[in-house]
Amino acid sequence: MSGPWTQWDHVLKVDPDKELAGDDTFADVCTSGTDAIEIGGTTGMTEEKMERVVGACREYDVPLFQEPSNPGVVIEDPGLDGYLIPTVFNAGDPFWITGAHKEWARIDEVEWDRTHTEAYIVLNPDASVATYTEANCDLDTEEVAAYAAVAERLFGQEIVYLEYSGMLGDTETVAAATEALDDSTLFYGGGIRDYESAKAMGAVADVVVVGDLVHEEGVEAVEETVRGAKEA
Ligand SMILES: CC(C)=CCC/C(C)=C/CC/C(C)=C/CC/C(C)=C/COP(=O)(O)OP(=O)(O)O
Ligand SMILES: O=P(O)(O)OC[C@@H](O)CO
Ligand SMILES: [Mg+2]
């Protein structure tokens with residue numbers, strides 16, 4: 001279970017449905033110092049929008065992973081380093097646990113060698129990913145840690161992803177999930193806006209994921225979060 005993410009501290013998630021901020025370019029995004037770029041979002045995804053971001057980033061050294069939110073937007077592009085495929089462990093609708101995956105294997109020739117697993121635990125009930133998947137976000141720290149252990153031990157998930165998209169999460173919960181894991185890598189995402197929040201979450205998670213900040217504030221703000229995650 002070892003992938004390049006075991007060496008990462010910081011991931012930038014670029015949403016193909018959102019614009020870059022100010023005068024930022026994809027060159028700025030790719031040279032921000034982040035360890036990898038994940039391309040994905042919940043709503044408004046199309047193959048064309050995915051292609052646009054991969055096309056703009058492929059000439060840079062930063063690893064590029066697609067994170068599809070449904071089977072219809074997976075693109076085949078040699079510029080990609082691989083696919084990170086979510087499974088939402090606390091989804092209310094089993095489509096987001098195995099149904100979408102079954103459909104994907106049915107309609108596509110999946111490149112299994114380049115496909116990796118991400119066990120999502122969605123914790124902000126107001127995020128679109130929570131409504132989309134009908135997630136049960138009413139979980140205490142022990143339950144989140146138990147989901148993390150199950151994801152690693154019973155389901156062999158390479159990455160466990162605590163998804164607080166849009167809000168800053170609880171550091172004790174994140175720490176408990178990290179402690180529940182031996183081999184899997186704990187990603188934390190949600191509400192990281194500056195050096196301090198990146199450092200605080202970087203201290204309890206293996207990898208911090210920064211999303212909306214790049215679209216709302218821009219690459220300079222993201223660079224502060226890279227510094228925070230690296231110094232944690
Ligand atoms: C099997 C395949 C190929 C796909 C299915 C994959 C699954 C289960 C997707 C479920 C939804 C999910 C976990 C999407 C990942 C991307 C994500 C969480 C983006 C951030 O979401 P928000 O911040 O809530 O959304 P917006 O920023 O788009 O509003
Ligand atoms: O947009 P933010 O709140 O930074 O969240 C990052 C990421 O976890 C979203 O999938
Ligand atoms: Mg978002």
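Taking into account only those residues within the stretch 174-217 that are within 16 Å of ligand 3 (Cβ to nearest atom) and in a loop (DSSP other than H, G, I, E, B), which is farthest from ASN124 (Cα to Cα)? Checking each candidate, the answer is GLU217.
May I ask you to verify whether THR117 is free of Cβ contacts under 8 Å to residues at least 60 places away in the same chain, under 14 Å from the mean Cα position of the chain (by Cα) and more than 16 Å from ligand 3 (Cβ to nearest atom)? When the stated conditions are applied, THR117 passes them. Summed over the stretch 80-102, the residues that are within 10 Å of ligand 1 (Cβ to nearest atom), free of Cβ contacts under 8 Å to residues at least 60 places away in the same chain and surrounded by 15 or more Cβ atoms within 10 Å (Cβ to Cβ) give a count of 9.
Table: residues versus (1) over 15 Å from THR87 (Cα atoms); (2) in contact with a strand residue (DSSP E or B) (Cβ under 8 Å, 6 or more places away or on another chain); (3) of a type in the set (S, T, N, Q).
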{"site": "GLU134", "(1), (2), (3)": "no, no, no"}
{"site": "ALA146", "(1), (2), (3)": "yes, no, no"}
{"site": "GLU152", "(1), (2), (3)": "no, yes, no"}
{"site": "GLU158", "(1), (2), (3)": "no, yes, no"}
{"site": "TYR161", "(1), (2), (3)": "no, yes, no"}
{"site": "ALA177", "(1), (2), (3)": "yes, yes, no"}
{"site": "ASP206", "(1), (2), (3)": "yes, yes, no"}
{"site": "VAL209", "(1), (2), (3)": "yes, yes, no"}
{"site": "ASP212", "(1), (2), (3)": "yes, no, no"}
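When restricted to residues that are within 9 Å of ALA177 (Cα to Cα) and in contact with a Gly (Cβ under 8 Å, 6 or more places away or on another chain), the stretch 132-157 contains 0. Among the residues of the stretch 1-34, those that are touching a helix residue (DSSP H, G or I) at 6+ places or on another chain (Cβ under 7 Å), farther than 15 Å from GLY79 by Cα, more than 16 Å from ligand 1 (Cβ to nearest atom) and of a type outside the set (Val, Ile, Thr) comprise ASP9, HIS10, ASP24, ASP28, SER32, GLY33. Test ALA105 against the criterion of being of a type outside the set (Phe, Trp, Tyr), buried (at least 17 other Cβ atoms within 10 Å of the Cβ), within 24 Å of SER184 (Cβ to Cβ) and modelled with pLDDT of 95 or more, and give yes or no. The answer is no for ALA105.
The values are calculated or read from the model by the stated rules, or taken from the named source; none is laboratory data. All values derive from a computational prediction rather than experimental measurement. All Cβ positions, even for glycine, are placed from backbone atoms using ideal geometry, and neighbour counts span all protein chains on display.
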